[in-house]
Structures are given as structure tokens and as C-alpha cells.
Amino acid sequence: MPTHWLNPIPSLPEPLPPVVDDSEDQYRMKLQRRIRLQSMLALDADTNSLIPIPEAVREDLANIGRPTPLTRARALERRLGTPAQIYLKREDTLPTGAFKLNSAMAQVRAAKEEGAERLVTETGAGQWGHAVAFACARLGLHPTIFWAAISARQKASRHALLELLGARVESSPSSVTELGRRVGSDPTMVNGSLGLAIGEAVEYAAGHPETRYISGSNVPHVLIHQSVIGLETKAQLAALGVSPDVLIACVGGGSNLVGFMAPFFDDKAARGDDLRFVAAEAATSPRLTKGRYEYDYSDLGCNTPMVKSYTLGRDYELPPTHVGGLRQHSGSPIVGVVHHADLLEARAYEEKDIFAAGHALLMAEQILIAPESCHALLAGIEEALEAKRAGEARVIVICVSGSGTHDLEGYVEKVIKQ
Ligand SMILES: *Cc1c(COP(=O)(O)O)cnc(C)c1O
């Protein structure tokens, strides 16, 4: 288990574009400083490459099952008839079924130490909400969670679990914020989105001074927390005596991707094209393949400062899908820099194809993974088939960001009914 987090910012190929607040009196920046945890603001400003993980957090991480396994998918390799080696970093084995818990434990532990008892956050697919509810139940805090309506509806079992864990869940658009009421009256917006849920959570925090706002992706401290994924992977590959040729992750806000890849940025600088990074996104929210690299707000309410990243524009109509974790209009500025510097190969995939890939993995290895993770898997399968054509024993390492236990509806619709 790593003793330090890796801060990706000092080893970025280009400096990170500053956060911009053009509001009168710097309203948005001030609001962020008021509603966020002090220790998370401090982490965002930390310029060290290596940041010690507090002992209590290391214990929390050990107690939730870290390090997670790195397993070789031999049966999948045989099915594909490929000379490539396929490794899976198994974040799906964490108790809430996704890597989100790495940051939730760290943030809720920090909240407890700062004496904050109430937290508010947003969730897209529900995995972050689940992780926050889990961590709060464990450490005795009380979360309110704004959950994009489409996913909250699709995932009745996860919804029940959040409430059983003691969380207050508001389907977004909700009736408890002004933004929610305004947007909710527009019939085209009833499905909600991550951007809307962020807007509601920020407004809620602004109106409830005893409540701190936390978030599960995009912001630097989350990407720092997620570096445990890549640090462990690097140590696990080294223990096997294996050197990776391609690392693959799916990309929503970018936290699993950056957490998984950042420990390899230095190797990339040394090895150039011999080490490749692939980012797999959803064809319905194609930010890296079709978006523009420019300043935008992360939330629909424009209550957050603007960041520069690849964005579709915050008014982009996101169609309803089963891939809630990738369903957003923009992403982390850190992913923006990495992509802008040409370090990432971005690929966008259709929903029916990613579920077929997920089903192939289930048949080969009996592992059911999240639809978000299926994007990375499909890119990995393409790499393995390409290696077969080229007759190369490529080493492919895929970050399995989460489990598909709460996504069976999607598998039913896209695999069984097809
Ligand atoms: C949240 C989530 C994602 C996308 O989030 P990133 O911040 O891009 O990593 C992907 N997969 C799963 C299972 C998730 O829960």
C-alpha cells in the first residue's frame, strides 16, 4: 500500500490553466472557499509531488480492501486468440463496487477531523453517492446527495442502499433548490445531469452554512486521492517483472484515468510512443473526441468558477443512457492538459458495443463490470486484436473502475433484449 499520494500537477507536460472567476467581487471563488473543506483546499494548492497519506486514511484504505488485485484475464486472451497479455486493475472489488471510495474515505475522514458533521454532494451514476454514504455511515457523518434523476430512477436497488446507509437522497432536478425548481419546470430537463446536480449541491451548501460541499471528480484533490490506483498498479507490474505497453481507462471527470496513469507520466516522458495512454469515452458525451478546449463552468447553475477543459458546452443535450458515470458536458482541467499535450489517444464508443464487450468479459472471466468500465475494456479488446494482427505480445493494462452489480438493467436492455 502506498505511503504517499502522487500529485499529478507538478509532472504535467504543460502548466495547468488557472481557474477563472469573472464574477463581480469574485463571488464564485469566495463561495468555493466557504463551502469546501479546508484540508481539501490545502491539497488543491499543494505543490509537492509526493504527499503523505494520513495514517488514519491509510488504515481506512486497508480496511476497505486496498491494495486491490491486478489480475490477468487469461480466459479473455484465449477467447480473442491474442498473443497480448491483458491485465485488469480491479477497483470493482471495493465494497461499494467502484474506485470512488478511495476519495470518499479520505474526504469524509478529513471532514470528521475538521468537525463538519453534515456534507452535501452530487452524484451522476450513483457510485460517488454510494461511496459517500458508505464512508459517512462508517465515520458517523450525515450526507445529503443530489442524484441525477435518470440514474436515480434506473438504479432502484442502489437508491434503496443509499437510504439504508442513512443518506438523504434528492433526485435532481429537485424541489429543494431554486435551480432545481427552475430547471425541473422544463420538460426536456427532467432526466437531470451531473452538471445540474452539482449546481443544486453548491446552492444547497451556500444556503446551509453548517454543511460542507464535497465532490467526487474533476477537482485536483480527488485526482490526488485516486493516485493509489496507479501507484499500486505500478508496484504490482514491477513485482511481476512486466512493463506495460498501453494503459487504458474510461473518462468522465477524469479521476480514475489520471489516478491510474499519473504514476506512469515519467515513464511516458522517457519511453515516448513505446508507452501509450488510451482514454475511452461515451459516444453520447464525446468531450475529448469532439469537444472544444476552452473555459466553461462545471455546473449548470454557473455557481462554480470556470475551468479550462474539453467541453461540449454546458447546454449540450446529453441523451439518456445507462452510462451515468461518463454522462457530463466537461471534465477535469488536468485531463484537458494531458490531452492537449497529445499524451492521450481518445476513443468514443457506442452503448451497444460496450455492453457486448462487458458480456464477453462476463462469459470469459465471470466478472460483471460497470458500463463505464466497459468502455476501457472495449478499447483493450481492440488493442488485443490489433496485437494479434501485428503478431505482438503487447502488455495491455485496463483500469476496471467499477462493478456492474447495480447496472443489470442496462445489461438486460442492451444484451438480453437485443
Ligand atoms: C464515476 C465513475 C467513472 C467516471 O469518473 P471519472 O472521474 O472519469 O473517473 C467511471 N467508472 C465508474 C465505475 C465510476 O463510478
Area accessible to solvent at TYR295, 1.4 Å probe radius, in Å² = 80
What's the angle, to the nearest 10 degrees (0 to 90), between helix 351-365's Cα axis and the longest principal axis of the chain?
-> 60
Simple Cβ-charge dipole of the stretch 59-127, Lys/Arg +1 and Asp/Glu -1, about Cα centre, in debye nearest 20 | 540
Computed for the stretch 192-310: size of charge dipole around the Cα centre, +1 on C-beta of each Lys and Arg, -1 on C-beta of each Asp and Glu, debye to nearest 20, value 180
Residue among PRO305, PRO263, PRO54 with the largest mean-square fluctuation in a Gaussian network model of the chain, springs linking Cα atoms under 10 Å = PRO54
Lys, Arg +1 and Asp, Glu -1 on Cβ, resulting dipole of the chain about Cα centre, debye, nearest 20 = 800
Among the lysines, select those whose C-alpha is under 24 Å from the C-alpha of LYS414, and discard any that sit fewer than 8 residues away in the same chain.
-> LYS155, LYS352
Distance between modelled label sites at GLU59 and GLU114, nm, 7 Å Cα→Cβ extension | 2.2
Kindly report the accessible area of the stretch 89-246 per residue (heavy atoms of protein chains, probe 1.4 Å, no ligands, DNA or RNA), in Å².
-> 32
Of VAL412, LEU43, VAL228, farthest towards positive along the dipole that unit charges on Lys, Arg, Asp, Glu beta carbons give the chain | VAL412
Taking all protein chains as present, what is the carbon and sulfur share of the accessible area of the stretch 25-156, in % to the nearest whole number, probe 1.4 Å?
-> 48
Sulfur and carbon atoms: percent of accessible area, the stretch 286-338 [1.4 Å] | 46
Please list the radius of gyration and Dmax for the chain, considering alpha-carbon atoms only, with Å as the unit.
-> 19.9, 62
Residue of ASN191, ASN48, ASN303 that the Gaussian network model of the chain assigns the largest fluctuation, springs spanning Cα pairs under 10 Å = ASN48
Sequence neighbours fewer than 8 away in the same chain don't count; with that in mind, list the aspartates and glutamates whose C-alpha is under 18 Å from LYS112.
-> GLU55, GLU59, ASP60, GLU210
Return the distance in nm (one decimal) between the two label points of a simple spin-label model at ARG182 and LEU50, each offset 7 Å from Cα along Cα→Cβ.
-> 4.8
DSSP bridge orientation in the stretch 257-346 - percent antiparallel, rounded to nearest 5 | 60
Considering only DSSP states other than H, G, I, E and B, which GluC sites (Glu not before Pro) in the stretch 121-226 qualify as loop sites with at most 11 other Cβ atoms within 10 Å?
-> GLU210
Roll a 1.4 Å probe over the protein heavy atoms and report the accessible area of TYR293 in Å², nearest 10.
-> 50
Proximal aspartates and glutamates to LYS234, defined as alpha-carbon separation beneath 14 angstrom and excluding residues fewer than eight positions away on the same chain = ASP245, ASP266, ASP267
How about the stretch 1-51: which trypsin sites (Lys or Arg not before Pro) there lie in a loop by DSSP and see at most 13 other Cβ atoms within 10 Å?
-> none
Antiparallel bridges, percent of DSSP beta bridges restricted to the chain (to nearest 5) | 30
Estimated [θ] at 222 nm from DSSP helical runs (n ≥ 4, -39500 (n - 2.57)) normalised by residues in the chain, nearest 500 = -12500 deg cm²/dmol
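The values are calculated or read from the model by the stated rules, or taken from the named source; none is laboratory data. Since this is a predicted model, take the numbers as computed values, not measurements. Glycine gets a Cβ as well: all are built from the backbone with ideal geometry, and neighbour counts include every protein chain shown. Heads up: the accessible areas ignore ligands, DNA and RNA and are worked out on the full protein's heavy atoms, side chains in. Shrake-Rupley method; radii C 1.70, N 1.55, O 1.52, S 1.80 Å.
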